[in-house]
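Below is one structure, written out as structure tokens; comments come after it.
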């Protein structure tokens, strides 16, 4: 018996919408990363993008447990010498909650071209309005 390898035409991609209000950031990120990779499907293959599209709404109402809002730091570098910048998560969640959620999820995806292709299927919105209503996304209840 030959091993089944899914082709691009075989993959049926669905759209899911996740309401992040009151959910813990890390738990949400790990579950969404599995959906983006396609690990929830029986045709999952590590070297093929078999995942679905995910829309996250209410990213500004996500929760961090413990003292992470004040102790967790987001780092980025300008590319110049001495250009390391740091931002506390309390400030990051107030100014750009989409970036905080995207950073957590994309960090759990594979690195390289395959991971970037999976990350393009992630749409994040701070409020409860989203642009992909025409795709008729299914509501996904993560707890």
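The values are calculated or read from the model by the stated rules, or taken from the named source; none is laboratory data. All values reported here derive from a predicted model rather than from experimental measurement. Cβ coordinates were reconstructed from backbone atoms using ideal geometry, including for glycine residues, and neighbour counts include every protein chain displayed.
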| query | Taking the condition at pLDDT 95 or above, within 16 Å of residue 26 (Cβ to Cβ) and touching a strand residue (DSSP E or B) at 6+ places or on another chain (Cβ under 8 Å), does residue 87 pass? | reply | no
| remark: If we keep only residues of region 1-25 that are in a helix (DSSP H, G or I) and without any contact (Cβ under 8 Å) to a residue 60 or more places away in the chain, then the residue nearest to the chain's Cα centre (by Cα) is 8
| remark: Given the conditions (1) crowded, with 16+ Cβ neighbours inside 10 Å; (2) without any contact (Cβ under 8 Å) to a residue 40 or more places away in the chain; (3) closer than 26 Å to residue 15 by Cα, every one holds for residue 113 apart from (1)
| query | Can residue 53 be described as in contact with a helix residue (DSSP H, G or I) (Cβ under 8 Å, 6 or more places away or on another chain), modelled with pLDDT of 95 or more and under 19 Å from residue 116 (Cβ atoms)? | reply | yes
| note | The number of residues in region 71-84 that are touching a helix residue (DSSP H, G or I) at 6+ places or on another chain (Cβ under 9 Å) and farther than 26 Å from residue 25 by Cα is 0
| Search result, residues across region 116-127 that are touching a residue at least 12 places away in the same chain (Cβ under 8 Å), surrounded by 12 or more Cβ atoms within 10 Å (Cβ to Cβ) and touching a helix residue (DSSP H, G or I) at 6+ places or on another chain (Cβ under 9 Å) | 118, 119, 121, 122, 124, 125, 126
| remark: Matching residues in region 33-57 (buried (at least 19 other Cβ atoms within 10 Å of the Cβ) and touching a residue at least 60 places away in the same chain (Cβ under 8 Å)) number 11
| query | residue 30 is checked against (1) within 30 Å of residue 3 (Cβ to Cβ); (2) surrounded by fewer than 18 Cβ atoms within 10 Å (Cβ to Cβ); (3) more than 11 Å from the chain's Cα centre (by Cα) and fails just one. What number does that condition carry? | reply | (3)
